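Here the structure comes first, spelled out in structure tokens, and everything after it is commentary.
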Amino acid sequence: MENNVMINIPKDFVVEEVATFRIEINKLMEDRNKNFIFNFSECNFIDSTGLGALVSIYKKCVEKGGSIKLKALNPEVEKLFKLTRLDKVFEICP
């Protein structure tokens with residue numbers, strides 16, 4: 001069974017939050033974690049830096065045979081994933 005690590009995405013996932021997020025995820029990946037669930041239940045806004053970080057982390061996870069699932073996107077954030085067609089890349093769960 002795969003172990004999923006749940007990560008809460010900040011309220012505003014913008015450039016100021018992304019550096020800390022990347023460090024946290026990279027540390028988890030160094031510790032052999034490769035399956036993540038990103039919980040967006042608190043997130044109201046994501047900018048291009050946040051989207052870019054998710055895409056680069058996704059690529060790293062896939063290289064290691066892992067997965068990323070996005071959970072509890074609010075309608076505005078979900079709309080952005082659809083506009084950018086990233087809803088075709090990421091598995092989005094309710």
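The values are calculated or read from the model by the stated rules, or taken from the named source; none is laboratory data. No experiment lies behind these values; they were computed from the predicted model shown. Note that each Cβ is placed from the backbone with ideal geometry, even for glycine, and that neighbours are counted across all protein chains shown. Accessible surface areas use protein heavy atoms only, side chains included; no ligands, DNA or RNA. Shrake-Rupley method; radii C 1.70, N 1.55, O 1.52, S 1.80 Å.
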*Carbon and sulfur: what percent of the chain's accessible surface (1.4 Å probe)?*
52 percent
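Taking 0.36 nm per residue of sequence separation and subtracting the Cα-Cα distance, how much length would be gained by fully extending the chain between Glu76 and Ile23, in nm to one decimal? Please list the in-between numbers first.
Details: separation 53, 0.36 × 53 = 19.08 nm, distance 2.65 nm.
The Glu76-Ile23 span can extend by a further 16.4 nm.
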*Compute the distance in nm between two label points, each set 7 Å from the Cα along the Cα-to-Cβ direction, one at Val89 and one at Leu51.*
0.9 nm
_With a 1.4 Å probe and all protein chains left in place, how much accessible area per residue does the chain have, in Å²?_
61 Å²
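Once you have the alpha carbon radius of gyration of the chain, what is it after dividing by 2.2 N^0.38 Å, with N set to its residue count? Show your work: numbers first, answer last.
Values: Rg = 12.2 Å, N = 94, 2.2 N^0.38 = 12.4 Å.
The reported ratio for this selection is 0.99.
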_Ranking by accessible area, most exposed first, for Ile23, Ile57, Ile37 with a 1.4 Å probe_ = Ile23, Ile37, Ile57
*What full-extension length gain, to one decimal in nm, is calculated for Ser41 and Lys69 as 0.36 nm per residue of separation minus the Cα-Cα distance?*
8.8 nm
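Looking at the chain, identify the longest residue range that excludes and avoids all GluC sites (Glu not before Pro) in DSSP loops having at most 16 other Cβ atoms within 10 Å. Show your work: numbers first, answer last.
Details: sites that count: Glu2, Glu42.
Between the exposed loop sites, the longest stretch runs 43-94.
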